[in-house]
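Below: one structure, written as structure tokens.
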Amino acid sequence: MASSLVLQLLILCSVISFVRSDASDHRYQVGYDVPLYANKVGPFHNPSETYRYFDLPFCSSAPVKEKKEALGEVLNGDRLVSAPYRLEFLGDKDAELACKKHLSKAEVANFRNAVSKDYYFQMYYDDLPIWGFLGKVDREGKSDPSEYKYYLFKHLQFEILYNKDRVIEISVRSDPNAVVDLTEDNEVDVDFMYSVRWKETDTPFEKRMEKYSQSSSLPHHLEIHWFSIINSCVTVLLLTGFLATILMRVLKNDFVKYAHDEETADDQEETGWKYIHGDVFRYPECKSLFAAAVGSGTQLFALAIFIFMLALVGVFYPYNRGALFTALVVIYALTSGIAGYTAASFYCQLEGTNWVRNLLLTGGLFCGPLFLTFCFLNTVAIAYNTTAALPFGTIMVIFLIWTLVTSPLLVVGGIAGKNSKAEFQAPCHTTKYPREIPPLPWYRKTVPQMAMAGFLPFSAIYIELYYIFASVWGHRIYTIYSILFIVFLILLIVTAFITVALTYFQLAAEDHKWWWRSFLCGGSTGFFIYAYCLYYYYARSDMSGFMQTSFFFGYMACICYGFFLMLGTVGFRASLFFVRHIYHSIKCE
């Protein structure tokens, strides 16, 4: 199964790379009509609230043609159509008329509303993105919003750089003097004009995308990223050094004490974590749910690793439209066998009998909340008529992937896990009746322990979180995947160490119910990330409106839930390894 999965992922990587090179490696002759595609328009501060270009009353000199989109592009909200401007290769133009439009009062109000909300447009020319604002608001010297003046830009000026027979770079700006006054609800005639200037450059075709990736690699940005890395590394070194020192000294003293007790006074009453050796490997409550959570977390961990692998080899270059979403959908489908195998195998180790129900629980534990969230948010997007609303055909494609790939692989993995015949390796026998847990102070309860466990891993990544949020929920470009991967590794290390430490202190307090506690403590960083969402929304962004708010908090809830499952699995696996190790080191009777 593992070799087949790796082979499929290599094929995926090759296909995405082929699409990447095939989509952009175009050579043109002089006068060739290179198509310019208009993608979408929307409020600048609401990245999820985007509309089709011709949802606004723009004109077109020819019938509008839609460009076929791949799955990832549709998921990304891209809806490319032919733009009203013709940009022939090496063909300069000066104040060329694109088309004329008579705007009614309602259309004027529509444009005015778009200009007041800072609407921008996005287009693609030879797979190179360009942006611009639709208009401007004149607020100078006016304190009353009713006195503001609203203007629509009607003249776009394109500047295109070329190297021999290839397009290297394109930019667009609006002529600030060629505007249409939209302040009053009066009908108006608009002549949409455009100019084109071609300039030769020495920049090779292979480096034309560096312009977009350099924005996240500027010196002052890199300094902040490296400061984040150093801050995280210091946190890791202090934490690991402190925990290693404390645990080694305490465990060494425990081992010497227990060995001495066994030699001198076998009938002496035991204390501490050895006292509960007959209960520490007692299976957890709701073991089917626990095994499903571990299986789902393992799948999400594998998904993250494979996504990082593709990112580090350069698949997700800037504005490779939809590549990330395509990879997420396909890799999640292919790794469902990992979830099925892990959950069923672990569930059988815990002496579970209803493995079919466990498999169904595993399949729905993450997909279920994600599906319900999607149904609500897609309904909202349909009500707003935005490009974030997935067409019925795309929904059917995703459903077929889930039906024909995800579910069968989940079942195959579950059957393989059930038939693995693996036994749970417990160094100590479990007693028939559980010991009573002594009263514990408030700070040893689950919620305070989760707060302590989640704060340290979050403190190691919170600086990098801003750049990730600004990229996902804004217009920044994030391409420094190597630094992000280092931060991810630090997150895993800190999560593992802090969970192990809290598990030891829990066992030392003679509390043997560590299974769920270790999972909850490991995954508690997800709650801190969601709390950061609140801070980012209100303090670091200008997002507004019901649709954008629901999209932000809805999909971030799913992402944080995924982090909870993944990091909870990491915390539990680290704690299980630690508990097995310390009880292997003493003589349990």
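The values are calculated or read from the model by the stated rules, or taken from the named source; none is laboratory data. Note that this is a predicted model, so its numbers are computed, not measured. When we count neighbours, we look across all protein chains shown, and the Cβ atoms used for this are built from the backbone with ideal geometry, even at glycine. To get the accessible areas, we keep the full protein, side chains included, count just its heavy atoms, and leave off ligands, DNA and RNA. Shrake-Rupley method; radii C 1.70, N 1.55, O 1.52, S 1.80 Å.
Miscellaneous remarks
- Gained length - residue 285 relative to residue 455, 0.36 nm times residue gap less alpha-carbon distance: 58.5 nm
- Centre separation in Å (Cα based) which lies between segment 49-114 and segment 375-436: 40
- Scattering curve values for segment 354-453, log₁₀ I(q)/I(0), Debye with Cα scatterers, q = 0.10, 0.17, 0.18, 0.19 Å⁻¹: -0.62, -0.98, -1.01, -1.04
- Solvent-accessible area of segment 69-164 (1.4 angstrom probe, protein heavy atoms only): carbon and sulfur portion equals 46 percent.
- Largest to smallest accessible area among 273, 198 [probe 1.4 Å]: 198, 273
- Apportionment of accessible area to carbon and sulfur, segment 392-469, percent (1.4 Å): 70
- Tilt relative to the chain, helix 407-418 - C-alpha long axis, 0 to 90 degrees, to 10: 10
- Taking the Cα centre of segment 41-174 as reference, the dipole from Cβ charges on Lys and Arg (+1) and Asp and Glu (-1) amounts to some 420 debye.
- A simple charge model with +1 on the Cβ of Lys and Arg, -1 on the Cβ of Asp and Glu and nothing else charged puts the dipole of the chain at about 760 debye relative to its Cα centre.
- Cα-projected label distance for residue 203 with residue 92, points at 7 Å along beta-carbon direction, nm: 2.0
- Calculated log₁₀ intensity ratio I(q)/I(0) where the Debye formula runs over C-alpha points of segment 448-531, q = 0.17 Å⁻¹: -0.70
- For the listed residue pairs 65/101; 65/136; 40/105; 105/154, the alpha carbons are over 26 angstrom apart in 65/136.
- Dividing the summed -39500 (n - 2.57) terms of all DSSP H runs of n ≥ 4 by the residue count of the chain sets its mean residue ellipticity at 222 nm at -17500 deg cm²/dmol.
- Mean Cα-pair separation over length for the chain, i.e. relative contact order, pairs under 8 Å, 6 or more apart, %: 17
- Largest-first ordering by accessible area, 1.4 Å probe, given options 78, 202: 202, 78
- Once the 1.4 Å probe is applied to the protein heavy atoms, segment 440-523 comes out at 36 Å² accessible per residue.
- Look at where the Cα atoms of segment 270-318 and of segment 474-506 average out, and the two centres are 14 Å apart.
- Residue 238/residue 138 FRET efficiency (R0 60 Å; Cβ-Cβ; nearest 0.05): 0.65
- Farthest toward positive dipole pole in the chain [+1 Lys/Arg, -1 Asp/Glu at C-beta], among 43, 83, 453: 453
- If the Kirkwood radius is taken over C-alpha pairs of the chain, then at 25 °C and 0.890 mPa s the Stokes-Einstein diffusion coefficient equals 89 µm²/s.
- Members of 67/100; 274/432; 117/149; 164/199 lying beyond 20 Å, as alpha-carbon distances in this model show: 67/100
- Accessible area of residue 200 (1.4 Å probe, protein heavy atoms only, ligands and nucleic acids ignored): about 130 Å².
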